[in-house]
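Chemist: Can you read through this structure? Questions will come right after.
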Amino acid sequence: MTSIAIVGAGPQLGLAIARTFGSRGFDAALISRNRDKLDQLVGKLTAEGISAAAFPADVLDRDMLTQALKDAAARFGGIDVLEYSPVGTIDSTALTTPTTTQPSDVQHEMEFQLYGAIAATQAVLPAMREAGAGTLLFTTGAGSIDPVPQVGNVNAAAAALRNWVINLHKELDGTGIQAAHVGIDVSIGMSVIPDFPTAQPEEISPAYWELHTTKRDEAELVFSR
């Protein structure tokens with residue numbers, strides 16, 4: 001069996017990615033903070049004939065995140081694909097422009113985006129190295145590439161994650177392990193910014209399958225309209 005661990009599994013893109021891989025025979029390990037929401041997602045996937053399980057963890061708690069990924073690997077016999085895309089909420093994420101940004105505004109986002117991604121990678125990479133195969137996928141908004149002043153602190157941390165992922169791709173070249181950054185240049189599900197393009201999560205999730213299968217030499221894929 002093969003499995004995918006989705007860190008930050010949400011009701012939109014995370015669920016769509018689980019369906020894309022699950023419909024192709026993958027077990028899906030869903031990891032996020034809210035146990036009740038995870039159980040709802042697992043219920044939906046199970047009803048569709050997809051093998052899935054919930055592993056609650058907060059990406060800000062490195063030990064909890066590492067243990068969740070270890071538990072998922074034990075449950076499904078290993079993790080073949082890691083997808084990291086935690087999404088902050090209005091309550092947890094203060095948005096600042098570059099001129100109003102304080103170091104603490106970026107620090108929280110670095111903990112959430114970059115440091116969480118590093119911890120998740122360290123939890124699964126040794127087994128992938130031993131197997132000589134695996135896929136590591138990391139998602140940000142396209143502001144990591146072309147930043148927007150209204151979300152200056154979030155974009156700064158996302159850019160740091162993007163830089164690290166592309167460098168990881170270079171380091172892992174030739175090992176059989178794919179690492180890639182996915183930049184989402186659309187609103188997912190519904191538009192929150194006037195005149196900004198929108199896409200449904202089911203339209204975006206095939207890009208992750210392509211990176212895992214036919215685009216393993218690419219360090220980055222940007223989804224846009």
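The values are calculated or read from the model by the stated rules, or taken from the named source; none is laboratory data. Keep in mind that this is a model prediction, so the values were computed, not measured. FYI the Cβ positions are ideal-geometry reconstructions off the backbone, even for glycines, and counts take in every protein chain you see. These area figures cover heavy atoms from the full protein model, side chains too; ligands, DNA and RNA do not enter into them. Shrake-Rupley method; radii C 1.70, N 1.55, O 1.52, S 1.80 Å.
Chemist: Does any residue in the range 128-149 that is over 20 Å from residue 78 (Cβ atoms) come within less than 8 Å, Cβ to Cβ, of a residue that is open to solvent by 80 Å² or more (accessible area, probe 1.4 Å) six or more places away or on a different chain, and which pairs are these?
Modeler: Qualifying pairs under 8 Å: 149/98.
Chemist: Given (1) modelled with pLDDT of 95 or more; (2) touching an Asp or Glu at 6+ places or on another chain (Cβ under 9 Å); (3) surrounded by fewer than 21 Cβ atoms within 10 Å (Cβ to Cβ), where does residue 88 come up short, assuming only one miss?
Modeler: Against the list (1) modelled with pLDDT of 95 or more; (2) touching an Asp or Glu at 6+ places or on another chain (Cβ under 9 Å); (3) surrounded by fewer than 21 Cβ atoms within 10 Å (Cβ to Cβ), residue 88 comes up short only on (1).
Chemist: Return a yes/no flag: does the range 105-112 have any residue that is open to solvent by 20 Å² or more (accessible area, probe 1.4 Å), in a helix (DSSP H, G or I) and acidic (Asp, Glu). Before the answer, list the steps.
Modeler: Initially, the range 105-112 is screened for residues open to solvent by 20 Å² or more (accessible area, probe 1.4 Å), giving 105-108, 110-112.
Imposing the further condition that a residue be in a helix (DSSP H, G or I) reduces the set to 105-108, 110-112.
Applying the additional criterion that residues be acidic (Asp, Glu) yields 105, 111.
For the range 105-112, residues open to solvent by 20 Å² or more (accessible area, probe 1.4 Å), in a helix (DSSP H, G or I) and acidic (Asp, Glu): present.
Chemist: Would you be able to say whether some residue in the range 61-80 is under 17 Å from the mean Cα position of the chain (by Cα), without any contact (Cβ under 8 Å) to a residue 40 or more places away in the chain, closer than 15 Å to residue 10 by Cα and surrounded by fewer than 18 Cβ atoms within 10 Å (Cβ to Cβ)?
Modeler: No, every residue in the range 61-80 fails to be under 17 Å from the mean Cα position of the chain (by Cα), without any contact (Cβ under 8 Å) to a residue 40 or more places away in the chain, closer than 15 Å to residue 10 by Cα and surrounded by fewer than 18 Cβ atoms within 10 Å (Cβ to Cβ).
Matching residues to (1) under 23 Å from residue 160 (Cα atoms); (2) surrounded by fewer than 20 Cβ atoms within 10 Å (Cβ to Cβ); (3) among the charged types (D, E, K, R); (4) modelled with pLDDT of 95 or more:
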| position | (1), (2), (3), (4) |
| --- | --- |
| 175 | no, yes, no, yes |
| 181 | yes, no, no, yes |
| 184 | yes, no, no, no |
| 189 | no, yes, no, no |
| 194 | no, yes, no, no |
| 197 | no, yes, no, no |
| 201 | no, yes, no, no |
| 213 | no, yes, no, yes |
| 220 | yes, yes, yes, yes |
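Chemist: Does any residue of the range 139-162 turn out to be under 21 Å from residue 2 (Cα atoms), open to solvent by 20 Å² or more (accessible area, probe 1.4 Å) and part of a helix (DSSP H, G or I)?
Modeler: no
Chemist: Report, by residue number, each residue of the range 31-47 that is open to solvent by 20 Å² or more (accessible area, probe 1.4 Å) and either in contact with a Ser or Thr (Cβ under 8 Å, 6 or more places away or on another chain) or among the aliphatic types (A, V, I, L, M) (or both).
Modeler: Of the range 31-47, the ones open to solvent by 20 Å² or more (accessible area, probe 1.4 Å) are 32-37, 39-40, 42-44, 46-47.
Those that are open to solvent by 20 Å² or more (accessible area, probe 1.4 Å) and either in contact with a Ser or Thr (Cβ under 8 Å, 6 or more places away or on another chain) or among the aliphatic types (A, V, I, L, M) (or both): 42, 47.
Chemist: Among the residues of the range 54-113, write down those that are in contact with a strand residue (DSSP E or B) (Cβ under 8 Å, 6 or more places away or on another chain), over 22 Å from residue 162 (Cα atoms) and not aliphatic (A, V, I, L, M).
Modeler: 55, 56, 75, 76, 77, 78
Chemist: Out of the residues in the range 1-27 that are assigned to a loop (DSSP other than H, G, I, E, B) and more than 22 Å from residue 59 (Cβ to Cβ), state the one that is least open to solvent (accessible area, probe 1.4 Å). Break it down into steps so the answer makes sense when it comes.
Modeler: Residues of the range 1-27 that are assigned to a loop (DSSP other than H, G, I, E, B), as a first pass: 1, 8-12, 23-25.
Imposing the further condition that a residue be more than 22 Å from residue 59 (Cβ to Cβ) reduces the set to 1, 23-25.
Details: 1: 171, 23: 85, 24: 122, 25: 39 Å².
So the residue we want is 25.
Chemist: Go through (1) out of contact with any Asp or Glu (no Cβ under 7 Å at 6 or more places or on another chain); (2) closer than 17 Å to residue 219 by Cβ; (3) touching a residue at least 12 places away in the same chain (Cβ under 8 Å) for residue 112 and report which single condition fails.
Modeler: (2)
Chemist: Quick check: is even one residue across the range 36-58 in contact (Cβ under 8 Å) with a residue 40 or more places away in the chain, among the hydroxyl-bearing types (Ser, Thr, Tyr), under 26 Å from residue 135 (Cα atoms) and outside any loop (DSSP other than H, G, I, E, B)?
Modeler: no
Chemist: While we're looking at this one, here's another question. Is it true that some residue in the range 43-58 is at pLDDT 95 or above, over 17 Å from the mean Cα position of the chain (by Cα) and at positive phi?
Modeler: Yes.
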